[in-house]
Amino acid sequence: MLESLKIKDFALIDSSSVEFSQGFTVLSGETGAGKSILIGALSFLLGGKAGAESIRAGCQEASVSGVFTIPAKTPQDRDLSLDAEEEPLSAREWLSQRGIEDEDGQIILRRVIRAGGKSGAWIQGTPVPRADLAKFAEFLIDIHGQHEHQSLMRTPEHRKFLDSYCGIVEEVAAFTKLYAALVEKRAALESISQSGAERERRIDWLKFSIEEIEAAKLKAGEDEELASEESKLLGFEKLYSEVQTINEILSGEEGGVESLLKRLRSSSEKAAGFDSSLSELDGRVQNIYYEVSDLSQSFRSYQNSLVFDPARLEEVQGRLDTIYKLKKKYAAGVNSSLQALFDYLAQAKSELETLDSSSINKEALEKEIAALERQVYEAAKAISAKRQAGAAKMSAQVEAVLQKLGMAGTKFSVGISQKAGDAVEQKCGPYGMDDIEFLISANPGSPMASLSKIASGGELSRVMLALKTIFAQSDKVPTLIFDEIDTGIGGEVAVAVGEHMKNLAKNRQILCITHLASIAVFADNQIRIQKSVEGGVMKTRAAPVVGEERVAEIARMLSGDQQSAESLDHARAMLGKYSKVMGA
C-alpha cells in the first residue's frame with residue numbers, strides 16, 4: 001500500500017507531504033484546487049511520462065518520492081531466486097531479480113524531472129530506467145483515470161478486458177506472433193508466385209533503385225547539415241555585414257563598448273581603492289569587462305574566419321538536389337527524412353533477396369504455410385473456448401456488482417461471435433477468431449444492445465467500477481485509485497457507489513477523488529486539497545481533515561456552504577449514518 005507521498009515543485013505544488021492509511025480514503029476540494037495534480041504527481045512517480053512543463057514555474061527541477069509497503073513473503077510464493085528471463089509475479093520477485101532489498105517490507109520510490117527535460121528514477125536508491133519503474137509500479141497501484149471509462153466506448157477495448165479477466169493476455173500475445181508469422185509467409189508466397197515477366201521487372205527495378213541510392217553514398221543527417229550550410233552561404237553578405245556591425249559596436253575605435261568598459265573598469269578599481277564597500281560592485285564591473293572582452297575577441301575571430309566560397313555553394317546545392325530527387329523518387333516526398341530513404345533501401349534489399357534467392361522452394365513454403373494455418377486455427381479455437389467460458393462468468397459477476405451500484409434490473413453480457421468466412425485466413429485475425437462486444441440492457445424488457453452506443457456517462461462509470469471490482473478479486477495489486485469515478489451520478493446512486501467502495505476497501509487500499517459528499521462520507525479518511533495565493537504565487541496544499549474540519553468539508557461538498565448550521569447539521573447526520581467523524 002501507499003504510505004506517504006512527498007512532492008517538491010511539481011506543477012502548482014511547491015512542497016507537500018501527505019500520509020495515507022489503509023482502507024478507503026477520499027481526496028476532496030474545490031474545482032480547480034489541484035486534486036488531479038496530486039494524482040498526476042503519483043502517476044509521474046510510478047513511471048508516467050512527463051516533460052519540463054511539470055516543473056513549478058521558476059524552479060529547475062521537480063521531484064516526487066513515495067513510501068510503499070509490499071506484502072510479506074508467504075509459503076505460497078515461489079522461490080525468490082529467479083532467473084533474469086523468468087516473468088516475476090509479485091513486487092518481491094521483481095525486486096529479487098534485480099538484487100534490490102526492501103527494508104522491513106518498505107520500498108522507497110523517487111523520481112526527478114529537470115528543466116532540460118531529463119528525468120531520473122530510483123527504487124531504494126538504485127537507479128532504474130523509466131520503463132522498469134513503470135513495470136514495477138504495476139505490482140503496487142492501479143490508477144483508474146478520470147476518462148478511462150471512455151475506453152468502454154471503443155469496442156476493440158472490450159476484447160482486452162475479457163482476455164485480462166480470463167488470464168489469457170500472454171496466450172493471445174503469443175497467438176498474435178504466430179499469426180504474424182503466417183501473414184509473413186503468405187506474403188512471401190504471393191511474392192514468388194508472381195508471373196515470371198512481372199517478377200523479372202520487379203527484380204530489375206529493385207536492383208536499379210538499390211544501386212542509385214547506394215551510389216549517392218548518403219550519410220545520416222547529411223541533408224540537415226547541407227541545408228544549414230546552404231543557408232549560411234546564401235546569406236553570406238548579410239551575415240558578414242551583421243558580424244562587422246557587432247565588432248564595430250564592441251571594439252570600434254571611437255566609443256566601442258570594450259573601450260568604454262575599459263575606462264569604466266579603471267575608474268571602478270580606483271574608486272574601490274578609496275572605499276572598500278565598493279569592492280563587490282567593482283568585482284561585478286571587472287567580470288563584465290572580461291566577459292565583453294572575450295566576446296569581442298570571439299566575434300573578431302569569427303569575422304576573420306568568414307570566407308565566401310561560390311564553388312562550395314554550388315557543390316552543396318548540387319548535393320542537396322541529388323538528395324531531394326532521391327527522396328521524391330523513393331520516399332514519401334522531398335520533405336521526408338533521410339531515414340525514409342535508408343528504410344526504403346533496407347526493404348528493397350530484403351525483397352530482392354526474397355525474389356532473387358535460388359534457395360526459395362515454393363512447394364516447401366506452401367507446406368510450411370499449411371502447417372502454420374493448422375497451428376493458428378487450433379490456437380484460435382483454444383483461446384475462443386477460454387473466452388466463451390470466461391464471458392459467462394464475467395457477465396454474471398459484472399451484473400451482480402451493477403445491482404449494488406444502483407442499476408437494478410440491468411442486464412450485462414459479453415457478446416462473442418466468430419469472424420465470418422470459411423477459410424482460415426477469414427476466420428482468424430491477429431487476436432483470434434472472435435469478435436467481442438459488451439452488451440447492456442439498462443431497463444427491464446429492453447433488448448440487449450451495444451454498451452458503446454446506448455450507455456450514459458454515469459452508466460459507463462459504474463460499468464468500469466464493476467469491472468475494476470471483479471478484476472480486484474483476482475488481482476494482487478494492493479492499492480486502487482479512482483480519479484472522479486462519480487461522473488454523471490448523484491443521489492442514491494452515489495450512496496451505492498460510496499458503500500461499494502467502502503466494502504472494496506476492506507481488502508485493499510482505495511483512494512478516490514470525488515466531488516460528491518454522498519461518496520465522501522463513507523471514507524475512513526479524508527484529505528482536502530486547497531489552492532491559495534502566497535506571496536503572489538499560486539500554491540496547492542494537501543492535508544487530512546478530521547473532526548469538525550471534516551464536518552465543514554462535507555458541508556461544503558453538500559451545498560457549497562461550510563458555515564451555515566443547516567449544512568453542518570446535515571453533514572454530521574450523514575457522517576453519523578455512513579461513517580464516523582474522524583478525530584471527534
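The values are calculated or read from the model by the stated rules, or taken from the named source; none is laboratory data. Nothing here was measured: the structure is a model prediction, and the numbers come from that model. All Cβ positions, even for glycine, are placed from backbone atoms using ideal geometry, and neighbour counts span all protein chains on display. Ligands, DNA and RNA are stripped out before the accessible areas are found, and what is left, the full protein with its side chains, is counted by its heavy atoms. Shrake-Rupley method; radii C 1.70, N 1.55, O 1.52, S 1.80 Å.
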Only one of these is free of Cβ contacts under 8 Å to residues at least 40 places away in the same chain, surrounded by 11 or more Cβ atoms within 10 Å (Cβ to Cβ) and in a helix (DSSP H, G or I): K325, K349. Name it.
K325
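Assess whether E553 counts as being open to solvent by 10 Å² or more (accessible area, probe 1.4 Å), among the charged types (D, E, K, R) and in a helix (DSSP H, G or I).
It is false that E553 is open to solvent by 10 Å² or more (accessible area, probe 1.4 Å), among the charged types (D, E, K, R) and in a helix (DSSP H, G or I).
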Scanning the range 79-110 for residues that are touching a Leu at 6+ places or on another chain (Cβ under 7 Å) and at pLDDT below 80 gives P88
Restricting attention to helices (runs of 4 or more DSSP H) lying wholly within the range 210-286, give those where 1 or more residues are touching a helix residue (DSSP H, G or I) at 6+ places or on another chain (Cβ under 9 Å) and over 28 Å from F308 (Cα atoms).
257-274
Would you mention how many residues in the range 203-245 are touching a residue at least 40 places away in the same chain (Cβ under 8 Å), of a type outside the set (G, A, S) and open to solvent by less than 80 Å² (accessible area, probe 1.4 Å)?
17
What's the number of the condition L261 fails, among (1) of a type in the set (A, V, I, L, M, F, W, C); (2) touching a Phe, Trp or Tyr at 6+ places or on another chain (Cβ under 6 Å); (3) touching a residue at least 40 places away in the same chain (Cβ under 8 Å)?
(3)
Just checking, which of A389, A396 is without any contact (Cβ under 8 Å) to a residue 60 or more places away in the chain and within 30 Å of H500 (Cβ to Cβ)?
A396
Quick count over the range 424-449, residues being on the phi < 0 side of the Ramachandran plot and at pLDDT below 85, is 8
Of the residues in the range 352-390 that are among the basic types (K, R) and surrounded by fewer than 16 Cβ atoms within 10 Å (Cβ to Cβ), the one that is modelled with the lowest pLDDT is K362
Here's a check for you: in the range 168-191, which residue that is β-branched (V, I, T) and surrounded by fewer than 15 Cβ atoms within 10 Å (Cβ to Cβ) is modelled with the highest pLDDT?
T176
Note on S518: of the conditions (1) assigned to a helix (DSSP H, G or I); (2) out of contact with any Gly (no Cβ under 8 Å at 6 or more places or on another chain); (3) buried (at least 17 other Cβ atoms within 10 Å of the Cβ), unmet is (2)
By residue number, the members of the range 521-544 that are of a type outside the set (A, V, I, L, M, F, W, C) and open to solvent by 30 Å² or more (accessible area, probe 1.4 Å) are D524, N525, R528, Q530, K531, S532, E534, G535, G536, K539, R541, P544
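Matching residues to (1) part of a loop (DSSP other than H, G, I, E, B); (2) in contact with a helix residue (DSSP H, G or I) (Cβ under 7 Å, 6 or more places away or on another chain):
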position	(1), (2)
Q388	no, no
K393	no, no
V401	no, yes
A408	yes, no
S413	no, yes
I416	no, yes
Give the range 3-20 a look and list any residue that's of a type in the set (D, E) and open to solvent by less than 50 Å² (accessible area, probe 1.4 Å), or say none.
D9, D14
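A quick yes/no check of all residues on (1) without any contact (Cβ under 8 Å) to a residue 24 or more places away in the chain; (2) more than 33 Å from the chain's Cα centre (by Cα):
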| site | (1), (2) |
| --- | --- |
| V497 | no, no |
| M501 | no, no |
| E549 | yes, yes |
| E566 | yes, yes |
| K577 | no, yes |
Of all residues in the range 21-36 being surrounded by fewer than 21 Cβ atoms within 10 Å (Cβ to Cβ) and of a type outside the set (S, T, N, Q), which is modelled with the lowest pLDDT?
A33
With (1) open to solvent by 50 Å² or more (accessible area, probe 1.4 Å); (2) touching a Ser or Thr at 6+ places or on another chain (Cβ under 6 Å) as the list, and D294 as the residue in question, which single condition is left unmet?
(2)
Residues being open to solvent by 50 Å² or more (accessible area, probe 1.4 Å), over 19 Å from the mean Cα position of the chain (by Cα) and free of Cβ contacts under 8 Å to residues at least 40 places away in the same chain - total across the range 103-144:
6
Restricting attention to the range 394-408, which residues are open to solvent by 30 Å² or more (accessible area, probe 1.4 Å) and either among the small types (G, A, S) or at pLDDT 85 or above (or both)?
A396, Q397, E399, A400, Q403, G406, A408
Residues of the range 498-534 being β-branched (V, I, T) and in contact with an Asp or Glu (Cβ under 7 Å, 6 or more places away or on another chain), which ones?
I513, T514, I519
